[in-house]
1. Rounded to whole Å and ordered largest first, report the semi-axes of the equivalent ellipsoid of the chain derived from its Cα gyration tensor (root of 5λ).
2. Rounding to the nearest 10 and keeping the result within 0 to 90°, find how far the Cα-based axis of helix 277-287 lies from the longest principal axis of the chain.
3. What number do you get for segment 141-201 when its Cα radius of gyration is normalised by 2.2 N^0.38 Å, N = residues?
4. With θ set to phi - 60° and the Karplus curve 6.51 cos²θ - 1.76 cosθ + 1.60, what are the ³J(HN,Hα) couplings of segment 37-47 in order, to the nearest whole Hz, using x for Gly and Pro?
5. Could you work out which residue, out of A41, A152, A288, moves most in a Gaussian network model of the chain, that is, has the largest mean-square fluctuation with Cα springs under 10 Å?
6. Calculate the spin-label point distance for A96 paired with R149, positioning each point 7 Å from the Cα along the beta-carbon direction, and give it in nanometres.
7. When 1/r is averaged over all different Cα pairs and the result inverted, which Kirkwood radius in Å belongs to segment 248-324?
8. Give me the Kirkwood hydrodynamic radius of segment 116-266, using the inverse of the mean 1/r over all pairs of distinct Cα atoms, in Å to one decimal.
Amino acid sequence: MNNDLRPTRGRFAPSPSGAMHLGNIWTALLAWLDVRQQGGAFVLRIEDLDPDRSRPQWTAQLLDDLRWLGLDWDEGPDIGGPYAPYEQDRRRGRYAEALDRLAAQDLIYACYCTRAEVRAAASAPHGAEQREHCPNSCWLLSTTERQSREAAGRRPCLRVRMPDDIAPIQFADLCRGVISENLAQAAGDFVIRRADGVHAYQLAVVVDDGDMAISQVIRGADLLDSTARQIWLHRVLGYTPPTFGHVPLLIDPEGHRLSKRQASLAVAALRTAGKRPAEIIGRLAFWAGLVPKPEAVLPHDLIGTLDLSRLSREPIVVDPGELG
Ligand code: GLU
């Protein structure tokens, strides 16, 4: 159930950096079902933020794959909607405005440290921790010192200045229950815009979910670690954070996450091999425990069967050979 009092709005936000594979459509199916069960609006957003990794042909392919599988959307890059545009590449102006809002609150600073300096600091014995930080205290630099670095050709990334005394971020995950995270320890001064000027995923996803009035985010458990950062960003940017649900990842018997590397599990490859949408959806529904047997079923037939709180909290081991 969605605890948010706003109209239900969910989304699927794939990155067009390769062919969609079973792991992607697993998340898409569960996010779609959760919204459809509540009569909400389903948004398709293309996360083509990183120009080095995104390709338009993958966007075209993923739209086609989703349609073929019977997963539809109410707003998206092809049909528009009240919160257009639905491609991150066309929303960079919104991210720049959000950075201005963070700068006005003194929550970000330019960091001139090189990657090697940041890595060396993180691997020093006393600094062996996950959180990111700027080893040279760049937040203390004067304007003149910053200018001289820039004149010497150094391009800074922008980091959040995470207050040391920040209260723990608590949230009730729809799949995993209550989670609490100390952001100063877990995330530190994370990067919000890369040195090459590309806005970080953490910023873009929050601005998009906030702007698009997304009330619930159902996505893979690999993004659980990002959630506290995103809730904090929602708050400081003046948005209402959505409710989150992190569904288990699909892994193969060797313990590897199903990924774009396993070409035979790409939706396009399964199509070419003669699989039918109902066969693929039936298998995913079986892995999710929505049906007792892996029988042919279409997404619409599954509406009403999903209870996020009953999904496994552990990764689900699947034999890709069952389909591939
Ligand atoms: N674009 C991300 C991905 O494809 C998903 C981000 C999200 O759902 O928050 O993994």
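1. Rounded to whole Å, the semi-axes are 37, 21, 20.
2. Compared with the principal axis, the helix lies near 70 degrees.
3. Taking the Cα Rg and dividing by 2.2 N^0.38 Å, one obtains 1.58.
4. Couplings: 4, 9, x, x, 9, 10, 10, 9, 10, 9, 8 Hz.
5. Judging by the Gaussian network model, the answer is A152.
6. 2.2
7. After inverting the mean inverse Cα-Cα distance, the result is 13.2 Å.
8. For segment 116-266, the Kirkwood estimate is 17.8 Å.
Bear in mind these aren't lab numbers, they're just calculated from the coordinates by the rules spelled out. Please read these numbers as outputs of a predicted model, since none were measured by experiment. When we count neighbours, we look across all protein chains shown, and the Cβ atoms used for this are built from the backbone with ideal geometry, even at glycine.
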